[in-house]
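Step one of this worksheet: look at the structure below.
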Amino acid sequence: MADRLGPYRSKRDFAHTTEPSGREADGSHSPEPRFVVQRHRARRLHYDLRLEVDGALVSWAVPKGPTLDPTVRRAAFHVEDHPLEYLNFEGVIPAGQYGGGDVIVWDTGAWIARGAATRSGPRAAIEAGELHFDLCGHKLAGRFALVHSGTDDRGTERWLLVHKRDRHAVSGWDPEAYPRSVLSGRTNDEVREDPGYIWRSDLPPQVASMRLSGAAPLASGADELRDLDALRSSGTWEIFGRKVRLTNLDKVIFPSRPGEPPATKRDLIRYAARVAPVVLPYLSGRALNMHRFPSGVESKGFWQKQLPVSAPAWISRWEGPDADRGEVHTHLVVDEPATLVWAANLGVIEWHAWTSLAVQPQQPTYVLIDLDPGADTDWGTLLTLARLHRTALEHLGVRGQPKLTGHRGIHIWIPIGPGYDFADTRAWAEGLSRAIGAVVPDLVSWKWRVEDRQGRARLDYTQNAINKTLVAPYSPRPSPGAPVSAPIAWDELDDPSLAPDGFTIRTIVDRIAAKGDLFGPILRQDQDLPPLT
Ligand code: MN
């Protein structure tokens with residue numbers, strides 16, 4: 001497993017360096033080991049003091065928090081080491097997971113072992129039960145000591161944390177008087193409202209910190225886009241830190257709709273680059289099935305699940321099972337924005353990311369509902385079905401997000417926490433669909449074959465299976481005018497101007513800039529599915 005993930009681990013570090021989070025770029029470690037103090041509101045408020053030792057974070061939970069007051073001894077409970085990836089984690093741990101609650105980086109900086117630890121090494125000093133050290137943080141500074149004072153019946157080590165009398169000591173100093181993150185300036189309340197990241201402790205640490213929405217599309221005036229326009233029909237484009245070879249840029253890929261020019265491959269590539277920062281959280285860490293139309297969408301396209309051998313070495317990949325024959329295939333993993341540009345140059349129109357993460361291919365992260373119109377299903381009928389789903393989900397207290405397919409239908413995605421397999425999600429989606437279908441039996445068919453449906457819509461729950469996919473949010477669709485699968489707010493179902501193919505690669509980016517990423521709530525994959533009784 002570790003080897004498989006190697007390539008995209010390294011890419012995630014790359015992704016972090018582009019984020020405006022105040023994080024250090026990887027590779028620019030200070031010579032001293034780092035420390036972090038996180039203010040963590042779990043079942044009880046506490047502070048977690050973590051010291052980098054030999055590639056891990058040795059950790060103590062300090063209920064009342066560290067202080068600069070040298071007259072105060074704080075109880076500290078030695079807890080398990082945490083992975084280094086946790087050093088910058090600020091966000092929400094989903095309810096129900098270990099440590100569920102909100103976390104801010106309350107302080108961070110460098111630490112230096114002192115006293116006996118300078119000779120024995122910090123790990124040995126900790127094992128011996130006494131560690132003296134200096135902290136050099138934003139809030140905490142000066143000499144501290146941690147002393148093992150006893151172990152309770154359940155094996156929990158109780159330690160004392162004290163600040164020595166030195167020039168950094170401040171009597172009466174209270175950590176609660178400094179409640180803001182040193183990374184973002186935010187309080188725990190503000191992080192809980194808009195987490196930015198969640199920590200999935202059920203996943204390997206390299207992928208446990210999952211980014212929620214928040215990235216902006218690439219601005220239309222960006223220098224890189226001017227460079228793209230300046231290329232002739234072929235050339236090398238430097239974008240997102242990669243050099244991508246582009247070909248046949250002026251080939252028409254999407255024929256026009258009335259009153260609009262056709263869209264060329266250059267237009268498709270421009271769109272892929274502009275939307276990549278927004279769509280990346282939906283794609284990263286997942287295998288991606290490519291729907292390619294290299295000769296344009298009026299020619300027959302084809303599915304490609306195997307990464308082409310011509311893919312450059314920097315493209316992330318995953319050796320995973322093929323659903324049909326049980327063979328292992330090398331799948332594309334889009335976990336940096338330049339990959340989407342590379343794929344667009346191959347004529348990849350549709351982005352079909354798996355419903356499960358590559359690290360846990362048998363565990364879906366969403367329930368998918370596909371409102372699939374029949375030949376006689378008009379748009380009004382489809383809206384009726386979508387509103388019935390809205391009502392049902394409200395009634396169940398389940399968060400789901402709708403998006404237009406870009407063709408004629410509507411998809412509803414429901415984010416879920418760990419522990420479900422595809423049989424669970426398929427059964428749940430079927431149960432919901434049958435309950436809704438029972439309300440409007442005239443509108444819905446359960447027949448598999450299109451010709452047996454008498455033109456009625458189908459509520460398709462069968463896509464809840466490994467390596468079956470619905471098109472990703474913001475993906476283009478292979479139709480004239482270059483429509484995209486556009487997330488919508490639920491109340492837009494009541495907007496008379498809404499059309500299932502109403503947003504295109506030309507219009508969706510302005511909409512994202514104005515309204516934000518409406519699909520963002522999907523990225524918080526922490527819901528339980530209630531029983532349908
Ligand atoms: Mn904690």
Which of the residues belonging to segment 461-471 are buried (at least 20 other Cβ atoms within 10 Å of the Cβ) and of a type outside the set (Val, Ile, Thr)? TYR461, ASN464, ASN467, LEU470
Check on PHE77, within 12 Å of the ligand (Cβ to nearest atom) and either surrounded by fewer than 18 Cβ atoms within 10 Å (Cβ to Cβ) or free of Cβ contacts under 8 Å to residues at least 12 places away in the same chain (or both): yes
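Residues in segment 509-529 that are in a loop (DSSP other than H, G, I, E, B) and either within 15 Å of PRO473 (Cα to Cα) or modelled with pLDDT under 90 (or both): how many? Show your work before the answer.
Initially, segment 509-529 is screened for residues in a loop (DSSP other than H, G, I, E, B), giving 516-519, 524-529.
Of the ones still in play, those that are also either within 15 Å of PRO473 (Cα to Cα) or modelled with pLDDT under 90 (or both) are 516-519, 524-526.
Residues that pass the stated criteria total 7.
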With the checklist (1) more than 11 Å from the ligand (Cβ to nearest atom); (2) closer than 30 Å to ASP526 by Cβ; (3) in a helix (DSSP H, G or I) in hand, flag the one item TYR86 doesn't pass. (1)
Out of (1) farther than 13 Å from ALA145 by Cα; (2) out of contact with any Phe, Trp or Tyr (no Cβ under 7 Å at 6 or more places or on another chain); (3) in a loop (DSSP other than H, G, I, E, B), what's the single condition that is false for PRO70? (1)
Would you say VAL105 is within 15 Å of VAL36 (Cβ to Cβ), of a type in the set (A, V, I, L, M, F, W, C), touching a residue at least 60 places away in the same chain (Cβ under 8 Å) and within 15 Å of the ligand (Cβ to nearest atom)? yes
Long-range neighbours under 8 Å by Cβ, at least six apart or interchain, first residue in contact (Cβ under 8 Å) with a residue 24 or more places away in the chain and within 20 Å of GLU193 (Cα to Cα) within segment 509-528, second among the aromatic types (Phe, Trp, Tyr) and in a helix (DSSP H, G or I): PHE519/TYR282; ILE522/TYR282; LEU523/TYR282
Can you spot a residue in segment 124-136 that is within 16 Å of the ligand (Cβ to nearest atom), part of a strand (DSSP E or B), modelled with pLDDT of 95 or more and of a type in the set (A, V, I, L, M)? no
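This table checks each residue for (1) without any contact (Cβ under 8 Å) to a residue 60 or more places away in the chain; (2) over 17 Å from TYR47 (Cα atoms); (3) of a type in the set (Lys, Arg).
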| position | (1), (2), (3) |
| --- | --- |
| LEU140 | no, no, no |
| LEU146 | no, no, no |
| SER149 | yes, yes, no |
| GLU157 | no, no, no |
| VAL162 | no, no, no |
| HIS168 | no, yes, no |
| ASP174 | no, no, no |
I'd like to know if segment 60-74 contains one or more residues that are away from the ligand (no atom under 14 Å from the Cβ), surrounded by fewer than 21 Cβ atoms within 10 Å (Cβ to Cβ) and modelled with pLDDT under 95. no
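In the set SER149, SER181, SER201, which member is on the phi < 0 side of the Ramachandran plot and modelled with pLDDT under 95? Spell out how you get there, then give the answer.
Details: SER149 fails: modelled with pLDDT under 95; SER181 fails: modelled with pLDDT under 95.
That would be SER201, the only listed residue that is on the phi < 0 side of the Ramachandran plot and modelled with pLDDT under 95.
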Run TYR98 past the list (1) away from the ligand (no atom under 16 Å from the Cβ); (2) within 38 Å of the chain's Cα centre (by Cα); (3) farther than 18 Å from ALA76 by Cα and report the number of the one that doesn't hold. (1)
If the Cβ limit is 6 Å and pairs must be 6+ apart or interchain, which residue in segment 262-275 that is modelled with pLDDT of 95 or more pairs with which residue that is of a type in the set (D, E, K, R)? THR264/ASP250; LYS265/LYS251
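Inspect segment 151-159 for any residue being farther than 20 Å from PRO66 by Cβ, away from the ligand (no atom under 16 Å from the Cβ), over 24 Å from the mean Cα position of the chain (by Cα) and outside any loop (DSSP other than H, G, I, E, B) and give the result as yes or no. Before you say what the answer is, go through the steps one by one.
Initial filter on segment 151-159 (farther than 20 Å from PRO66 by Cβ): 151-155.
With away from the ligand (no atom under 16 Å from the Cβ) added as a condition, the list becomes 151-155.
Right, trim to over 24 Å from the mean Cα position of the chain (by Cα) and you get 151-155.
Filter again for outside any loop (DSSP other than H, G, I, E, B), leaving 151.
So far as segment 151-159 goes, yes, one or more of its residues are farther than 20 Å from PRO66 by Cβ, away from the ligand (no atom under 16 Å from the Cβ), over 24 Å from the mean Cα position of the chain (by Cα) and outside any loop (DSSP other than H, G, I, E, B).
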Enumerate the pairs (first residue in segment 34-47 and farther than 10 Å from VAL62 by Cα; second residue anywhere and more than 10 Å from the ligand (Cβ to nearest atom) and among the hydroxyl-bearing types (Ser, Thr, Tyr)) with beta-carbon separation below 7 Å, excluding pairs fewer than 6 apart on the same chain, so at least 6 apart or on different chains. ARG34/THR108; PHE35/THR108; VAL36/THR108
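Would you confirm whether or not segment 377-392 contains a residue that is in a strand (DSSP E or B) and within 28 Å of GLY100 (Cβ to Cβ)?
Residues of segment 377-392 that are in a strand (DSSP E or B), as a first pass: none.
No - not one qualifying residue is present in segment 377-392.
Could you tell me how many of the residues in segment 489-507 are closer than 30 Å to TRP199 by Cα and buried (at least 17 other Cβ atoms within 10 Å of the Cβ)? Step through it out loud before you land on a result.
Here is the first cut: in segment 489-507, the residues closer than 30 Å to TRP199 by Cα are 489-490.
Adding the requirement that they be buried (at least 17 other Cβ atoms within 10 Å of the Cβ) leaves 490.
Number satisfying all stated conditions: 1.
Kindly indicate which of LEU383, LEU432 is modelled with pLDDT of 90 or more, under 18 Å from GLN527 (Cβ atoms) and over 25 Å from the mean Cα position of the chain (by Cα). Write out each step before concluding.
Details: LEU383 fails: under 18 Å from GLN527 (Cβ atoms).
Testing whether each residue is modelled with pLDDT of 90 or more, under 18 Å from GLN527 (Cβ atoms) and over 25 Å from the mean Cα position of the chain (by Cα) leaves just LEU432.
Please work out if ARG325 is over 30 Å from GLU492 (Cα atoms) and at pLDDT below 90.
Against the criterion (over 30 Å from GLU492 (Cα atoms) and at pLDDT below 90), ARG325 qualifies.
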In segment 16-56, the residues that are among the acidic types (Asp, Glu), modelled with pLDDT of 50 or more and more than 15 Å from the ligand (Cβ to nearest atom): GLU32, GLU52, ASP54
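The values are calculated or read from the model by the stated rules, or taken from the named source; none is laboratory data. Note that the coordinates shown come from a computational prediction; the quantities given were computed from them, not determined experimentally. Cβ atoms come from the backbone with ideal geometry, glycine included; neighbour counts cover every protein chain shown.
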